[in-house]
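The values are calculated or read from the model by the stated rules, or taken from the named source; none is laboratory data. As the structure is a prediction and not an experimental result, all values here were calculated from the model. When we count neighbours, we look across all protein chains shown, and the Cβ atoms used for this are built from the backbone with ideal geometry, even at glycine. To get the accessible areas, we keep the full protein, side chains included, count just its heavy atoms, and leave off ligands, DNA and RNA. Shrake-Rupley method; radii C 1.70, N 1.55, O 1.52, S 1.80 Å.
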Amino acid sequence: VASPGVAPDAKIVAVKVLDRNLSFSGTAQVISGLEWVRLNRPDVRVVNMSLGTFALFSSPCDGASAPAMAFSQSIGALKARGTTVFVSSGNDRSANQMEAPACISSSVSVGATYDANFGGFSLFGCSETTAPDKVACFGNSGPGLKLFAPGAAITSAGAQGTSTFFGTSQAAPHAAGTAALLLQARPSLTPDDIESALVRTGKPILYSRNGLTIPRVDAEAALASVGAGA
């Protein structure tokens, strides 16, 4: 029996911004999607972006380039109106950089840990043994990374029923789903409230490659922190 997922009652507004191969093809398409949400869907309180550019930056990168500035303006405008934007950190194996737009300071960047011990892993140019809460070798990290969440191996809804994938693109929606749970419990929460709850209550994970300790999302603890039951 398939798991119901993190936030099974959440309503989803799907906005296509990738190309026909499900790959990033340009900043303009993503910005247009974010702006469409801002202008047309005031009901959207959480945005998940399991995507990234080919540019790596040390965080924050808000003024590092013209595309980064455009991302910063658009994500910042969504946050100002009450929408929290989660972005996958990317799968470039970097211990000190992340892809744009994860490096935008107003976004909530999410890296990946393993969900369980499922033996050996070999993908995205790295190989290692797996263990619960072990930081995945493929995921980008660095001083600007705000959260970890399970990113491998994740079985979820797919075009043919269910599918199993690996990557920080699987981790970001775990965090976004937890944000939806928090808003279900406390609709008055602001993006800063949500980020603070997730960071404050997450399980501390030490990443040996860069010496940083970053919280792994804990949905039950986050809900308890805002006075809600599990």
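For the stretch 80-111, the set of residues classified as surrounded by fewer than 21 Cβ atoms within 10 Å (Cβ to Cβ) and among the charged types (D, E, K, R) consists of 81, 92, 93, listed by residue number. Residue count for the stretch 2-57 satisfying the condition of being open to solvent by 50 Å² or more (accessible area, probe 1.4 Å), outside any loop (DSSP other than H, G, I, E, B) and either within 18 Å of residue 158 (Cα to Cα) or among the small types (Gly, Ala, Ser) (or both): 3. Pairs are defined by a Cβ separation below 9 Å, a sequence spacing of at least 6 or placement on different chains, a first member in the stretch 114-128 that is closer than 18 Å to residue 169 by Cβ and touching a residue at least 60 places away in the same chain (Cβ under 8 Å), and a second member that is outside any loop (DSSP other than H, G, I, E, B) and among the acidic types (Asp, Glu); no pair meets this definition. Restricting attention to the stretch 188-203 and to residues that are outside any helix (DSSP H, G or I) and touching a residue at least 12 places away in the same chain (Cβ under 8 Å), the residue that is nearest to residue 110 (Cα to Cα) turns out to be 202. Scanning the stretch 148-161 for residues that are assigned to a strand (DSSP E or B) and either within 16 Å of the chain's Cα centre (by Cα) or in contact (Cβ under 8 Å) with a residue 12 or more places away in the chain (or both) gives 148, 149, 150, 151, 152, 154, 155, 156, 157.
Can you tell which of 164, 178, 155 is open to solvent by less than 30 Å² (accessible area, probe 1.4 Å) and of a type in the set (Ser, Thr, Tyr)?
Numbers: 164 fails: open to solvent by less than 30 Å² (accessible area, probe 1.4 Å); 155 fails: open to solvent by less than 30 Å² (accessible area, probe 1.4 Å).
Selected residue: 178, the only one of 164, 178, 155 that is open to solvent by less than 30 Å² (accessible area, probe 1.4 Å) and of a type in the set (Ser, Thr, Tyr).
Restricting attention to the stretch 92-145, report how many residues are of a type in the set (Phe, Trp, Tyr) and not in a strand (DSSP E or B). Result for the stretch 92-145: 3. Look at the stretch 216-227: where a residue is over 11 Å from residue 185 (Cβ atoms) and open to solvent by 40 Å² or more (accessible area, probe 1.4 Å) and a partner is part of a loop (DSSP other than H, G, I, E, B) and at pLDDT 95 or above, sitting 6+ places away or on another chain with Cβ atoms under 7 Å, you get 216/133; 216/202; 218/202. On inspection, residue 164 does not qualify as free of Cβ contacts under 8 Å to residues at least 12 places away in the same chain, within 20 Å of residue 94 (Cβ to Cβ) and assigned to a strand (DSSP E or B). Could you check, for the stretch 63-75, whether at least one of its residues is open to solvent by 50 Å² or more (accessible area, probe 1.4 Å), over 18 Å from residue 173 (Cα atoms) and either in a loop (DSSP other than H, G, I, E, B) or among the β-branched types (Val, Ile, Thr) (or both)? Checked against the condition, which is being open to solvent by 50 Å² or more (accessible area, probe 1.4 Å), over 18 Å from residue 173 (Cα atoms) and either in a loop (DSSP other than H, G, I, E, B) or among the β-branched types (Val, Ile, Thr) (or both), the stretch 63-75 yields at least one hit. Specify the residue that is nearest to residue 141 (Cα to Cα); the eligible residues are those in the stretch 181-204 that are open to solvent by 10 Å² or more (accessible area, probe 1.4 Å) and among the aliphatic types (A, V, I, L, M). Within the stretch 181-204, the match that is nearest to residue 141 (Cα to Cα) is 199.
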